[in-house]
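Take a look at the structure below.
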Amino acid sequence: MTTARSDHSETARRPLTLLDFVGVGINSVVGSGVYLLIAPLAARFGTASVLSIALAAVLCMLIALCFAELAGRFDRDGGSLLYVGEAFGPLAGFGVGWMALVNIVLGYAAVAAGLKNALDQTIGALASPLGEWGGISFTTSTLVVLALIAGLTALNLRGIKVAAWTSDALSAAKLL
């Protein structure tokens, strides 16, 4: 296992700041549930919902600390794929890498669907059908979500600093 960082990596120019990494971490842990699930959770469990959110935050912080500890032990990028690959072999790392990719794709799809549903419920006019294409019914809210995805993609394509600023802003919004 590669455990020591070289002197070069300590002095190498890094485009992201600590705040950027914190923002990316917050966005990785705090998902769309903060927008979509708080009201139903509070309606069902009342004040106990606050305790459940605090407990979930503590558990997520423990997971984040585990990843921070592992990241400090390696001088290469790779995240969970690297950590599992070093501990259990390349086949296990490969499997974890693919599971992470599928998780990300499904997570983004769930966020998009949740946003569309929230838009349909809060702004009823957006739920009216615009037409059908390829067996899929489109509404104004569908177009809003697709435009948001396209906009975020464009920001990511502009570079890592722009993507980090966007992540920082979204993290601040989630925390507020």
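Listed values, structure above:
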read-out	value
Residue list for the stretch 80-92, restricted to those being open to solvent by less than 30 Å² (accessible area, probe 1.4 Å) and closer than 29 Å to Gly33 by Cα	Leu82
Only listed residue being assigned to a helix (DSSP H, G or I), of a type in the set (Gly, Ala, Ser) and closer than 30 Å to Asn117 by Cβ, chosen from Ala92, Ala64, Ala68, Ala87	Ala64
Residues within the stretch 31-53 that are surrounded by 10 or more Cβ atoms within 10 Å (Cβ to Cβ), assigned to a helix (DSSP H, G or I) and either among the hydrophobic types (A, V, I, L, M, F, W, C) or modelled with pLDDT under 85 (or both), tallied	13
Condition check for Ile53: among the aliphatic types (A, V, I, L, M), out of contact with any Gly (no Cβ under 8 Å at 6 or more places or on another chain) and under 30 Å from Leu146 (Cβ atoms)	no
Of all residues making up the stretch 93-123, the number that are within 12 Å of the chain's Cα centre (by Cα), of a type in the set (A, V, I, L, M), exposed (fewer than 14 other Cβ atoms within 10 Å of the Cβ) and closer than 22 Å to Ile38 by Cβ	2
Selection from the stretch 156-176 of residues that are assigned to a loop (DSSP other than H, G, I, E, B) and either hydrophobic (A, V, I, L, M, F, W, C) or in contact with a helix residue (DSSP H, G or I) (Cβ under 8 Å, 6 or more places away or on another chain) (or both)	Leu176
Qualifying residue in the stretch 131-146 (condition: open to solvent by 80 Å² or more (accessible area, probe 1.4 Å) and part of a helix (DSSP H, G or I))	yes
Where a residue in the stretch 72-101 is touching a residue at least 40 places away in the same chain (Cβ under 8 Å) and closer than 18 Å to Phe21 by Cβ and its partner, wherever it lies, is of a type outside the set (Lys, Arg) and exposed (fewer than 13 other Cβ atoms within 10 Å of the Cβ), with Cβ under 7 Å and at least six apart	Arg73/Thr3; Phe74/Thr2; Asp75/Thr2; Asp75/Ala4; Asp75/Ser6; Asp75/Ser9; Arg76/Thr2
Criterion violated by Phe74 - all others in (1) in a helix (DSSP H, G or I); (2) at pLDDT 90 or above; (3) open to solvent by less than 90 Å² (accessible area, probe 1.4 Å) satisfied	(1)
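The values are calculated or read from the model by the stated rules, or taken from the named source; none is laboratory data. These numbers come from a predicted model, not from an experiment. FYI the Cβ positions are ideal-geometry reconstructions off the backbone, even for glycines, and counts take in every protein chain you see. Side chains are part of the model used for accessible areas, which takes the heavy atoms of the whole protein and leaves out ligands, DNA and RNA. Shrake-Rupley method; radii C 1.70, N 1.55, O 1.52, S 1.80 Å.
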